[in-house]
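See structure below.
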Amino acid sequence: MSFEQFQFIAQINTNISNCGYEHPTPIQEKAIPEVMSGKDILGLAQTGTGKTAAFALPVIQRLSKGPRGKVCVLVLAPTRELAEQINTSFKELAAGTGLRSIAVYGGVGKKPQLDAFRRGVEILVACPGRLLDHLNNHNLKLNKVETLILDEADQMFDMGFVPDIRRILKHLPKKRQTLLFSATMPADIRKLADETLTNPQEIRIKLEQPLDLITQAIYPVSKRQKTALLLHLLKEEPTEGSTLIFTRTKYGAKNLAKKLAYAGFSVSALQGNMSQNQRQNALSGFRDGKFKMLVATDIAARGIDVSRVAQVVNFDLPSTAEAYTHRIGRTGRAERSGRAISFMCYDDQVMVKAIERLQKKTIERITVDGFAMEETGELQTKQTGRPRKQNQRPRNKAGSHRPGKQQKRQAGNTKKSPNNPKRSSNIFGLGQKGD
Ligand code: AMP
């Protein structure tokens, strides 16, 4: 299948080939004709599938013939990085058409945004909070919006944006086209979709799809040895291209980046506490190859589009199997192969099982000499000293969650008492609060 079949105007076809796209991705094949025909869309797809161009191309085609100077397309996105990324895609795909787009988000001055509104934009990509702020101050009108796109709706829900979205909806014409994209479809997103979409065409791009291109491996390791194992792997098995490393907490991201930098790696961290400038520097440095590694939390990394990611490292596993799929989907993109490695401590075994259940396959375990997983989980929490609830730790029946026999134990790796409340809960001795 080729892009020719969509009969885009010549300028759009030129832009597509300037972006290096040769064939439409599956979501583009399915969504472009539906969006062009004016239908509402409920798209179940994650970052990495080409969904941005799937909604941007048909929208640009329609706007290329339409009036100028009014916001005709509104895209709502959860993070500033994703808003910037979508805006960049619109700019590239609409180059030479005279259409103007802008990304609007908080944490930066309002003046450039107000100036752009005054000059006139047709495509507005915004994070809900700042957009609502502008609407409340009557800085712009959305009464001419023809198409509303809600991108990464599940993430917007997780970040508590749904009330803001409902307020924004009141500023839009009732008669419009609405496209909603989400990586997952929990009940609350289904409800939002029911409220906002009319007879939507449902498009599902299977979650497992990008995984075919990714080599996955699990490294059993104790919590206190994770940094040492990471340094060992980065030195002994260097990868061509960049490495994206995930930690659970922003403090973890910062500390790990410091340790990697100290060990001589070119690395940056991306976490919620940074100013917009620092985030942009970290991201663009990673994109253009100045930093070979980026350490990030899930929220900070949401929507990052870095097509050269050769390797994803789950230094800490995420809290859901779907989030694992989403994380590793950042490698193996656009017909490139990639590698995803995950560290598994004793308490992570339940999550690894959930990940394998979702993928319907067992992921290869690799044991490195001198590194081994703990033999027991954390029965006591650091703060209260009280035992955890039964369902918060792995079962220990019949050795089902025990490390395999082939795993070598490090000399002098003393078995810690499960009743010892002094055991630190993470290697940095820092809190577990996310961004
Ligand atoms: P997205 O899912 O929109 O974040 O896109 C993921 C990556 O795929 C981005 O780097 C896009 O530039 C790239 N991409 C989008 N469409 C195509 C295509 N048809 N062929 C090759 N790469 C694409």
Loop sites in region 203-277: GluC sites (Glu not before Pro), DSSP, at most 10 other Cβ within 10 Å: GLU240
Magnitude of the Cβ-charge dipole of region 221-283, K/R +1 and D/E -1, about the Cα centre, nearest 20 debye? 440
Just for region 3-204, what percent of DSSP beta bridges are antiparallel, to the closest 5? 0
Can you give the relative contact order of region 3-204 as a percent, counting alpha carbon pairs under 8 Å and 6+ residues apart? 29
Within 9 Å, Cβ to Cβ, of ASN199, how many net charges do the neighbouring residues add up to if Lys/Arg are +1 and Asp/Glu are -1? 0
Charged-residue dipole, Cβ positions (Lys, Arg, Asp, Glu), region 166-275 about Cα centre, Debye nearest 20: 780
Mind jotting down the distance between the C-alpha centroids of region 1-33 and region 356-370, whole Å? 38
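I need the trypsin sites (Lys or Arg not before Pro) found in region 59-98, filtered to DSSP loop residues with at most 15 other beta carbons within 10 Å of theirs.
Values: sites: ARG62, LYS65, ARG68, LYS70, ARG80, LYS91; in loops: LYS65, ARG68, LYS70.
Of the trypsin sites (Lys or Arg not before Pro), the ones in loops of region 59-98 whose Cβ has at most 15 other Cβ atoms within 10 Å are LYS65, ARG68.
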Just to confirm a number: summing +1 for Lys and Arg and -1 for Asp and Glu over residues other than PHE246 whose beta-carbon lies under 11 angstrom from that of PHE246, what do you get? +1
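So, with +1 on the Cβ of K and R and -1 on the Cβ of D and E, and no other charges, what is the size of the charge dipole of region 108-147 about its Cα centre, to the nearest 20 debye? Show your work: numbers first, answer last.
Working: 7 positive and 4 negative charges, 33 e Å.
For region 108-147, the charge dipole is close to 160 debye.
Between rounded, prolate and oblate, where does region 1-84 land on the alpha carbon gyration tensor, with a ≥ b ≥ c its root eigenvalues, rounded for a/c under 1.5, else prolate if a/b exceeds b/c?
rounded
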Global form of region 3-204, assessed from the alpha-carbon gyration tensor, a/c cut-off 1.5: oblate
The local net charge around ALA187, scoring Lys/Arg +1 and Asp/Glu -1 for residues other than ALA187 whose Cβ lies under 12 Å from its Cβ, equals -1
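The numbers here are math on the coordinates, done by the rules we state, and not lab data. No experiment lies behind these values; they were computed from the predicted model shown. For neighbour counting, all protein chains shown are included, and Cβ atoms are generated from backbone atoms with ideal geometry for every residue, glycine included.
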